[in-house]
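One structure is given here, and the rest of the page talks about it.
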Ligand code: SF4
Ligand code: SF4
């Protein structure tokens with residue numbers, strides 16, 4: 001399944017230490033650097049965001065945020081340079097699996113191969129129990145086995161390859 005970003009903005013909230021603006025070109029265009037991998041990229045603030053860029057910039061509330069992160073009126077987060085965002089951001093996925101309860105509410109996220117982030121004590125206990133029994137070496141096979149085990153326990157799981 002293809003990864004879906006929910007626009008929570010969490011991953012961009014600390015990217016200010018890596019993404020720097022090296023030079024302003026004309027209008028809303030910039031030469032920038034992404035410190036992870038030392039990637040140089042050319043960013044353009046999308047027209048639809050230019051009028052409200054200064055007032056919506058997430059840095060107004062959090063100086064560590066990426067300089068291009070915007071906070072929308074309804075609390076979600078948007079990338080002002082989405083079409084020209086760096087390769088790092090294009091490739092980034094914040095989790096390899098999302099876990100949902102029977103109502104479809106997201107209650108857990110798996111990072112890397114086996115590290116679960118959840119506030120649900122039952123899911124935490126089930127995850128530790130079922131994953132301790134999985135023998136597969138290959139990451140994809142391991143995640144499929146984990147998702148199947150969760151489904152037997154009444155959860156739903158989406159895997160991102
Ligand atoms: S990649 Fe993940 S953490 Fe980042 S904004 Fe999307 S859902 Fe949130
Ligand atoms: S460039 Fe866009 S996607 Fe990348 S960290 Fe900044 S706001 Fe997030």
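Inside the stretch 73-86, residues that are under 18 Å from residue 42 (Cβ atoms), within 12 Å of ligand 1 (Cβ to nearest atom) and not in a loop (DSSP other than H, G, I, E, B) make up a count of 2. A count restricted to the stretch 26-47 and to residues that are in a loop (DSSP other than H, G, I, E, B) and farther than 16 Å from residue 83 by Cβ stands at 5. Only one entry of 2, 24 meets the criterion of being more than 12 Å from ligand 2 (Cβ to nearest atom) and under 30 Å from residue 147 (Cβ atoms), and that entry is 2. All told, residue 149 falls short of being outside any strand (DSSP E or B), over 21 Å from the mean Cα position of the chain (by Cα) and modelled with pLDDT under 95. Right, residue 79: buried (at least 18 other Cβ atoms within 10 Å of the Cβ), within 16 Å of residue 9 (Cβ to Cβ) and within 11 Å of ligand 2 (Cβ to nearest atom) or not? Yes, satisfied.
The condition (being part of a loop (DSSP other than H, G, I, E, B), surrounded by 14 or more Cβ atoms within 10 Å (Cβ to Cβ) and either under 16 Å from the mean Cα position of the chain (by Cα) or free of Cβ contacts under 8 Å to residues at least 40 places away in the same chain (or both)) is satisfied by just one residue among 89, 66: 66. Scanning the stretch 7-25 for residues that are touching a strand residue (DSSP E or B) at 6+ places or on another chain (Cβ under 9 Å), assigned to a helix (DSSP H, G or I) and at pLDDT 95 or above gives 12, 15, 16.
Taking the stretch 104-146, which residues are assigned to a helix (DSSP H, G or I) and touching a helix residue (DSSP H, G or I) at 6+ places or on another chain (Cβ under 6 Å)? Scanning the stretch 104-146 gives 130, 131, 146.
The values are calculated or read from the model by the stated rules, or taken from the named source; none is laboratory data. Nothing here was measured: the structure is a model prediction, and the numbers come from that model. Please note: Cβ atoms are built from the backbone with ideal geometry, for glycine as well, and neighbour counts cover all protein chains shown.
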